[in-house]
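Enquirer: Shown below is the structure under consideration.
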Amino acid sequence: MLDEVTRDEIEKIAEHKAKESSRSNANRYLALIRSILRRAKDDWEWVDRIHKVRLYREPKRRICFLTQEQAGRLLAELPAHLKVMARFSLATGLRQRNVSYLQWDQVDMSRGVAWIHPDQAKAGKAIGVPLNQEALGVLRERLGEHKVYVFTFQGKPVDRCSTRAWKQAIARAGISEDFRWHDLRHTWASWHV
């Protein structure tokens, strides 16, 4: 019963989950419990008060980004199909999947905007993407390459970017081997900060 859910019971569950797998996994479970308790109190009014559910501290996630000079070295080493995608990612901050499957009907070059449909966005909400001169330059280079998709390799969208070619380019450019494609997004954000 909801009124039998005590702070001690919640802490026992948290300890068990943390020992069973990890603190981050325990936090996901605790967040679910907290959400249910809040709805029971605030939305359904089944209980008058709930116990505070405290989450474990988690280590900060690694944030990795390139300098302008490192980005230039990386772009010089990438094969052509990955190079244009990386340039576009650095110019827009879009996720790899959104770049890979970007279609021409999602781009308005005259207005300088592209958009990501809600079903393509991680948060499930449409995203309007302003296109700077670099992004527009990449798009102009891609005109006529494919009728539907902006970025392709051998006529198909590039589903995976973290390939052997990516890893080899990273090594030749002298960049840390744990640099991932998603870190281009971090680079875009860091440059804008």
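No lab work stands behind these numbers, since they all come straight from the coordinates. Owing to the predicted nature of the structure, the values given are computational and were not obtained by experimental measurement. All Cβ positions, even for glycine, are placed from backbone atoms using ideal geometry, and neighbour counts span all protein chains on display.
Enquirer: At a temperature of 37 °C and a viscosity of 0.692 mPa s, determine how fast the range 2-43 diffuses translationally according to Stokes-Einstein, using the Kirkwood radius over alpha-carbon pairs as Rh; express D in µm²/s, rounded to the nearest whole number.
Expert: Stokes-Einstein gives a translational diffusion coefficient of 307 µm²/s.
Enquirer: At what distance in nm do the modelled label points of GLN168 and ARG28 sit from each other, each positioned 7 Å from its Cα along Cα→Cβ?
Expert: 3.6 nm
Enquirer: When Lys and Arg each count +1 and Asp and Glu each count -1, what net charge do the other residues less than 12 Å away from VAL47, Cβ to Cβ, add up to?
Expert: Charge balance near VAL47 sits at -2.
Enquirer: Too long at a 30 Å Cα-Cα cut-off: which of LYS19/LYS167; LYS83/LYS122; LYS83/LYS147; LYS60/LYS156; LYS17/LYS122; LYS60/LYS125?
Expert: LYS19/LYS167; LYS60/LYS156
Enquirer: Sequence gap at least 6, Cα distance under 8 Å: using those rules, report the relative contact order of the range 68-192 to the nearest whole percent.
Expert: The normalised contact order for the range 68-192 reaches 34 percent.
Enquirer: Further question on the same structure: About its Cα centre, how strong a charge dipole does the range 3-56 have in debye, to the nearest 20, once Lys and Arg get +1 and Asp and Glu get -1 at the Cβ?
Expert: 380 debye
Enquirer: Separate question: Can you give the calculated 222 nm mean residue ellipticity of the chain, where each DSSP H run of n ≥ 4 adds -39,500 (n - 2.57) and the sum is split over every residue, rounded to the nearest 500 deg cm²/dmol?
Expert: Taking each H run of at least 4 residues, the total per residue is -13500 deg cm²/dmol.
Enquirer: Follow-up. Report the semi-axes of the equivalent ellipsoid for the chain in whole Å, largest first, where each axis is √(5λ) for an eigenvalue λ of the Cα gyration tensor.
Expert: Rounded to whole Å, the semi-axes are 43, 22, 14.
Enquirer: May I ask you to order 46-52, 183-189 by the average number of other C-beta atoms within 10 Å around their residues, highest value first?
Expert: 183-189, 46-52
Enquirer: Using only Cα atoms, figure out Rg for the range 94-169 and give it as a multiple of 2.2 N^0.38 Å.
Expert: 1.13
Enquirer: Next question. Any idea how far apart GLU20 and ARG57 come out in nm if each label point goes 7 Å out from Cα toward Cβ?
Expert: So the two model labels end up 2.6 nm from each other.
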